[in-house]
Each structure stands twice: as structure tokens, then as C-alpha cells.
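Right, one structure below, let's go through it.
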Amino acid sequence: MWTDPQITEMRAALLAWYDQQGRTLPWRVRPEDRAQGLSPNPYAVWLSEIMLQQTTIPHGTPYWFKFLELYPTVQDLAAAPLDDVLTHWAGLGYYARARNLHKCAILVTEAYGGEFPETKSELLKLPGVGDYTASTIAAICFNEPTSIVDGNVERVISRLHRVEAPLPKAKAIIRKLAATLADPERPGDYGQAVMDVGATVCTPRTPACETCPWAHWCQAHRVGDMTDFPKKSPKKERPVRHGHAFVLVRDGAVWLRRRDEAGLLGGMMEVPTSAWADDMPPLEWPVSADWIRSATDVRHVFTHFELRLSVHTAQIADPLDLEGRWVDIGDFENEALPSLFKKVLGKANLPQT
DNA sequence: GATCCGTGGTG
DNA sequence: TCACCAAGGAT
């Protein structure tokens, strides 16, 4: 553990590095602007933090711009139909985030007078806001002296101290170590600085220790085994499930239906499929028609299993007595359609439009 | 604490 | 190709 003078020195080194980087992210207020009294818009920061949960910045950023344009204020987001929110979220994954986002916007609008709460403990009460997000909003927007710990910080701290315990068990230890270092004077800048170090210097595969403001204090750097940290518990293997997808085409439109609110891809639209099973389910047509199987299957990797779907297409002439609705081919961007089903439609034998 | 929950980029 | 990874949260 460090002495107080050492901690002071480490904070200064990190913040000097951060101020010099001037890394600009669209939702961020630069240190010099913050010093002028500018503070970030909590709605915009909250939106970015929810979108960036388990999501890369390049992937999430376009969605952030789109949402701010469609919904400039939390009241606008609250007033939108959930289906619209899900539609614009399509492709980002982890769709419970979108449902909680909408629920949270309504709560902030109706119970908090349209203003986000200003403390971590109050922020934690919002749906979809956990320890990381609450800490980050409180620190960045309201200067609450709280410690921010995300995956980047875990990597930096575990290397700094050569934490032997594997994740996720080591989380408690890492939190404690991180909290010791966190700067109560500039909690927002400090937190973003550690995350930036993790994202751009202390990277998982090839850390650039030459440019690291903490290399002088880093135990893993001294030993030279940086990439052995953080240690991780062995992960379970991902099972493979199988199924059949049925693309029904009629008059330039495709049959889609809505998934159940709970569980996987909850509340999103889908192409009808058979059940997904460990063994290939029997092929049972939803309607009698001339079905054509596409040459290649769809392979889609979820967090905890892999899915392989055969794709079958049929053209029909008569309306159907099934639950769902027809959606024009080429109009899929206007649907809450997860990437999995966009892949399915991409492999189906659709008529040219 | 363990499990569930997406997707796309990368080495 | 494939395993790994990404500004986590809810149950």
C-alpha cells in the first residue's frame, strides 16, 4: 500500500497525463471548460453511460448522437413510445438496457421533476443504473467524491498491485484499492483519466507502459508480466443450440411478430422460428407452402450460447391467421429487429425490390 | 456468487 | 477461424 505522499504524487501524475491528452468524447466536458464552471448535462452523460455498458465506444457513439437528436431532453425520451426506443436501440444488444432506459426516463420525468438526482445513493435507485453508472454520473456531473470502477479500472488496478485473486472474486479487493487512490478533489476527471489509461495505454493485450503515467508505481510493469493480469476464473464453454427460421413473403412484405417482454431479446420483433434446442428440432412448417432452404445457415453468438438457424423461405398469396404483422422488405431499419434476425433476412430468398 | 443478457471488432 | 473483449445490471 502507498503512503499519503505517494498517493498525492500518483494522482498528480495521472491528472497531468489526462489534462495533456485532452481526449475528447462527445458527452465529455474538457477540464479547462470545467474549470470555467461548465458542467456536463446529466441526461447526456447518463445516456452515454447506459449505451456504453459492455459496448465499445465506436459502436455506441452513433447511437448516442441519434438518440440526442431524436430525444433532446429526458422528457422527450419519456414521451416516446417504448417500441420507438427499441427500434432505435436495435443493433446495440442487451435490450433490457433500452427498456430500463425508457422506464428511467419516465421515472425521472414524473417523480424527479425532470432533473436527475445528484447523489450516488439516489442515482442507484434508478432502473438500469448500478454501482458503476451511479458513481460515474455523481462524480462527473455533480463532483461527488466517489470511486469509479469499470473493466478498465479493474485491469489497471490489478496490474498496479499484481492482484493474484481472479475476477470476479477480486472485485471487492480491487474496489478497495481503487478507492484509496481516487481523487476527492477532481473525482470526475480522475475517474475518466483511469478509464482512459485502461482504454488507451493499459490495454488487455499489448500495454504501452512507456507512455503510462503510473508505470513508475506499477508492480506488474516492474516484473514484466502485465498481461497476466487481471487473473480470471475459467469460463464455462458456450453450448450450441439449433433451430429453424421461417421467412414468409407476401406481396413484398415479410411476416414478423413481437417477442415476449421478458428474457432474451425481450420486447423485440422477430422472424418466426422453431424452438431452439441442443439437438436439431424436427422441421415443422408453420404454414403449408413451397419452402426453400437457403444454402447457408445463420450462426449467431450470444453471451452464453451459440445459435445456428437454418433459413427457410416461402412465398404465399393469401393472408394468414397468425399473430404478427407484415413489414415491407427494405423497411427493416424502422423495426425493433435484433441483429440476429437481420442476419436471417439477409440469407433468405427475398424477392428483389 | 452465479447466471442471464447482444453485438461487432480484433489479434 | 476463433477466442477474447467492451465505460455492467438485474435476479
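In this simple spin-label approximation, A:Gln6 and A:Leu320 carry label points 7 Å from Cα along the Cα→Cβ vector, and these lie 6.6 nm apart.
Helix-only arithmetic for chain A: the sum of -39500 (n - 2.57) across DSSP H runs with n ≥ 4, divided by the residue total, places the mean residue ellipticity at 222 nm at -12000 deg cm²/dmol. Projected over every direction and averaged, the convex hull enclosing the alpha-carbon atoms of chain A yields 21.0 nm². If you take all other residues with their beta carbon under 14 Å from the beta carbon of A:Asp331, and give Lys and Arg +1 and Asp and Glu -1, the sum is -2. Among A:Thr24, A:Met269, A:Ser147, pick out the residue whose Cα is farthest towards the positive end of the charge dipole of chain A, where Lys and Arg carry +1 and Asp and Glu carry -1 on C-beta, about the Cα centre. Of the candidates, A:Ser147 comes out farthest on the positive side. Between the alpha-carbon centres of segment A:285-340 and segment A:25-87 there is a gap of 33 Å. Rounded to the nearest 20, the Cβ-based charge dipole of segment A:4-228 about its Cα centre (Lys and Arg +1, Asp and Glu -1) stands at 600 debye. In segment A:240-347, the convex hull through the Cα atoms has an average projected area of 6.8 nm², a quarter of its surface area.
Taken per residue, the accessible surface of segment A:1-133 reaches 49 Å², heavy atoms only and a 1.4 Å probe.
Kirkwood radius and radius of gyration were both taken over the C-alpha atoms of segment A:4-89, and their ratio Rg/Rh is 1.10.
The residue list A:Thr227, A:Ile57, A:His242 was ranked by how far each Cα lies along the charge dipole of chain A toward its positive end, using unit charges on Cβ atoms, and A:Thr227 comes out on top. I'd like the distance separating the alpha-carbon centroids of segment A:96-164 and segment A:167-242, in whole Å. If you average the Cα positions of each part, the centres end up 19 Å apart. Taking the 1.4 Å solvent-accessible surface of chain A as the whole, the part contributed by carbon and sulfur is 51%. Among all stretches of chain A without exposed trypsin sites (Lys or Arg not before Pro) (DSSP loop, at most 14 other Cβ atoms within 10 Å), which one is longest? With a cap of 14 other Cβ atoms within 10 Å, the longest stretch comes to A:237-353.
Charge dipole of segment A:301-353 (Cα centre as origin; +1 on each Lys and Arg Cβ, -1 on each Asp and Glu Cβ, all else neutral): 340 debye, rounded to the nearest 20. With all projection directions averaged, the alpha carbon convex hull of segment A:70-203 covers 9.2 nm².
Axis angle, to the nearest 10 degrees, between helix A:42-51 and the longest C-alpha principal axis of chain A: 60 degrees. Per residue, the accessible area of segment A:225-353 comes to 57 Å² when a 1.4 Å probe rolls over the protein heavy atoms.
A full extension of the chain between A:Gln54 and A:Arg222 corresponds to an added length of 57.5 nm, given 0.36 nm per residue minus the alpha carbon distance.
Nearest 10 degrees, 0 to 90: what angle lies between the long axis of helix A:187-200 and the longest principal axis of chain A (Cα atoms)? Taking the Cα atoms of chain A, the angle to A:187-200 is about 60 degrees.
In terms of distances greater than 31 angstrom between alpha carbons, the cross-link table entries A:Lys66/A:Lys231; A:Lys120/A:Lys236; A:Lys232/A:Lys347; A:Lys235/A:Lys342; A:Lys66/A:Lys169; A:Lys66/A:Lys343 yield A:Lys66/A:Lys231; A:Lys120/A:Lys236; A:Lys232/A:Lys347; A:Lys66/A:Lys169. When both bridge partners sit in chain A, DSSP labels roughly 60% of those beta bridges antiparallel.
The values are calculated or read from the model by the stated rules, or taken from the named source; none is laboratory data. Here the structure is a predicted model, which is why all the values come from computation and not from measurement. Here the Cβ is made from the backbone with ideal geometry for all residues, glycine too, and neighbour counts use every protein chain on show. These area figures cover heavy atoms from the full protein model, side chains too; ligands, DNA and RNA do not enter into them. Shrake-Rupley method; radii C 1.70, N 1.55, O 1.52, S 1.80 Å.
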